[in-house]
1. State which entries of 275/326; 326/376; 106/150; 169/275 exceed 24 angstrom in Cα-Cα distance in the structure shown.
2. Which loop trypsin sites (Lys or Arg not before Pro) in segment 308-364, with loop taken from DSSP, have no more than 14 other Cβ atoms within 10 angstrom of their Cβ?
3. What number comes out for the charge environment of residue 61, summing +1 per Lys or Arg and -1 per Asp or Glu over other residues with Cβ under 13 Å away?
4. Net charge within 14 Å of residue 116 by Cβ-Cβ distance, Lys/Arg positive one each and Asp/Glu negative one each, not counting residue 116 itself?
5. Compute the length gained on full extension between residue 197 and residue 146: take 0.36 nm times their separation in residues and subtract their Cα-Cα distance, giving the result in nm to one decimal.
6. Can you tell which of 76, 128, 109 lies farthest toward the positive end of the dipole of segment 48-135, using +1 and -1 charges on the Cβ of basic and acidic side chains (Lys, Arg; Asp, Glu)?
7. Per residue, how much accessible area does segment 301-351 show when a 1.4 Å probe rolls over the protein heavy atoms, in square angstrom?
8. Test of understanding: what is the full-extension gain from residue 94 to residue 449, defined as 0.36 nm times their sequence separation minus their Cα-Cα distance?
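The values are calculated or read from the model by the stated rules, or taken from the named source; none is laboratory data. Since the model is a prediction, treat every value here as computed from it, not as a measurement. Please note: Cβ atoms are built from the backbone with ideal geometry, for glycine as well, and neighbour counts cover all protein chains shown. The accessibility values were calculated without ligands, DNA or RNA, using every heavy atom of the protein model including side chains. Shrake-Rupley method; radii C 1.70, N 1.55, O 1.52, S 1.80 Å.
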Amino acid sequence: MDCSIDGVTKLLLFSGYVVLILSGIPLALSEKANPRTSVASSGNSGQINSNSVLVALLDSHYTELAELVEKAMLLQTLEETVGSHNITIFAPRNEALERDLDPEFKRFLLEPGNLKSLQTLLMFHIIPTRIGSKQLLDKTGSARHETLSKGYLHLESNGTGEWTVDRAKVIHPYVVTRPDGVIHGIERLLVPQAVVDDFNRRRSLVSITAVKPEGAPEVDPRTHRLKKPAPPAKPGSAPALPIYDALAPGPSLAPAPAPGPGGPHHHFNGERQVKDFIQTLLHYGGYNELADILVNLTSLATEMGRLVSEGYVLTVLAPNDEAMAKLTTDQLSEPGAPEQIIYYHLVPEYQTEESMYNAVRRFGKVRYDTLRLPHKVVAQEADGSVKFGHGDGSAYLFDPDIYTDGRISVQGIDGVLFPPEEEGEAKPVTRTVQPAKVVIKHRRGKLLEAACWMLGTFGQDSRFTSCH
């Protein structure tokens, strides 16, 4: 009885041992086939949890950068990096990727054939090291860190707590902080040189393989000729066209504003200079009427700004408010009359009180060109000052050098100037003088005189008319 029980027990133990051995063989084979799975199951260090910096990036307000990361298919690579390193992400603001980025460059990055360049660009913003408060530079200096794209970023600090990454200012440090990384907000996109070279190479190939369409030739409305490319000009050089050709068409019933500001050279900010001199007139006092005409009644302020932007200089003979109040309604009501009045007070030269006074002292009378062709304004010395115009329509230099900046000169006068024919000057009367009748007395020769003398001796000279 006991023997039978012992035999059955041994049989059951042997069968259980065989079952355990056979069930362990597939487990061992599966562990050999998938060693990564066994490692992952042994610990949770390689898994991405909800508190990861990558999850925070996808959920942050840096939506443009998150979309580019997804389009570049970098999530798997970044997950593996986060599993083994702490990372630092320099995230450009959305405006830098949406509006400030060159449209042609953005189109280049999003093309399927340029996926490698997009990945290089994005990994250039990620450093496999945590750069936090301890690593930041508290003093003036710089540091160099290798990125995931095998490039290098240069971090610099000025010692006041502000720091830059490749000259891009860090505007939001520590915007996101997680156990496995940190995100710092920067003002613009960082572009490595390798991506720049790829973009330039692709753009040069496009320019070679494609023919850009050219439009019809344009006609210059000023000269009524075909537009030609302007020759290269040195900064600050005088304009090629005379100022009369650069004037806007008009004035008309509703004069169109002059195009601008900003000429082809962009060397001068004419709009700002005209605004400054108009504000100077208002602060100086006594020239509000002229400022109102330039800004509100006409578009001359805009046109003057465009002319100064293109390199022209102007001298404004500014009538004061007392002189402007003497203008009648008839003088201002005609279409284009205010523009014509102001044009006669604009001299296309840069003159100051000293230069004009020296000129009239030396030459007596000086004629200055105006923007109202073909009329000129006459200046002469009078009572130790400069007098403009003739007779009752003359005006004296009243407030010299109200505004002088090298491009615009404003000289205050105490009267409104008009061309001579509009001042009502009497034209000189030309008298017709009748020519007097002249009796031509024929001259007699010596032989005839001798004959008449002989006939007179005998009393016969009365018979010959030639002897009378």
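1. Working: 275/326 26 Å; 326/376 22 Å; 106/150 22 Å; 169/275 33 Å.
Beyond 24 Å between Cα atoms: 275/326; 169/275.
2. Those that pass, being in a loop and sparsely packed, are 326.
3. Local charge sum for residue 61: -4.
4. +1
5. Stretched fully, the residue 197-residue 146 segment lengthens by 16.4 nm.
6. Positive-most Cα among the choices belongs to 128.
7. On the way: 1770 Å² over 51 residues.
About 35 Å² of surface per residue is accessible.
8. 115.5 nm
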